[in-house]
Amino acid sequence: MSTEWLAIQSFQHGQDLLTAINTLSIYTKLEPTGISDKEQAEAADRARGTIASFLEELEAMVQEIEKREVVLGIDPRRRQLVRNFIAAKHNQRRFHSALFQSTFANVRRLLHPSSKEDRRSLIECLEELRVLLEEHIHTDTMRILGEI
């Protein structure tokens with residue numbers, strides 16, 4: 001596969017994740033106010049599924065890369081995202097949510113918040129995941145479109 005094609009796939013995957021993050025963030029903020037409806041709840045459930053699947057994949061890849069520096073079967077763009085995630089875990093000044101400071105199991109539990117604090121933690125995780133993905137997508141965009 002060409003570098004451009006990998007960037008396009010990575011860009012699309014990132015956009016899908018950003019959509020899920022935005023959907024769940026909005027729902028998590030609106031649900032306690034009673035503004036949400038059945039359609040929004042269904043969209044939030046789909047978003048939870050998308051994010052949970054991503055977190056499971058990310059967890060497996062992080063464990064693999066932390067064990068061995070060279071991992072086969074992961075495309076270069078996905079590998080770079082994982083490396084960016086690992087670097088972010090060590091940057092506690094910038095990334096301090098449970099996503100970077102806790103376990104993946106805890107973050108997956110937060111996808112179904114049971115308290116006000118869980119909702120706040122989930123929103124922080126989603127905001128920081130959005131930042132990481134937006135930076136990754138920016139690189140993809142530059143590879144696809146070049147300098148404009």
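Each reported figure results from applying straightforward, stated rules to the coordinates on display, with no laboratory input. In this text, all values refer to a predicted model and were calculated from it rather than measured experimentally. Backbone-built Cβ (ideal geometry, glycine too); neighbour counts: all protein chains shown.
Brief remarks on what is shown
- In this simple spin-label model, placing a label point 7 Å from the Cα along the Cα-to-Cβ direction at both His90 and Thr19 gives a separation of 3.5 nm.
- Unit charges on C-beta of K, R, D, E only; dipole of the stretch 3-145, Debye: 380
- Straight-line cross-link partners of Lys116 among the lysines, defined as a Cα under 24 Å from its Cα and at least 8 positions apart when in the same chain: Lys29, Lys38.
- Result for the chain in a Gaussian network model with C-alpha springs under 10 Å: among Ile26, Ile123, Ile137, the largest mean-square fluctuation is at Ile26.
- Relative contact order (percent, whole number), the stretch 3-145, Cα cutoff 8 Å, 6+ residue spacing: 36
- Cut-off 12 Å between beta-carbons: net charge of the residues surrounding Ile123, Lys and Arg +1, Asp and Glu -1: -1
- Label point distance in nm, Arg109-Glu127, each placed 7 Å from Cα along Cα→Cβ: 2.3
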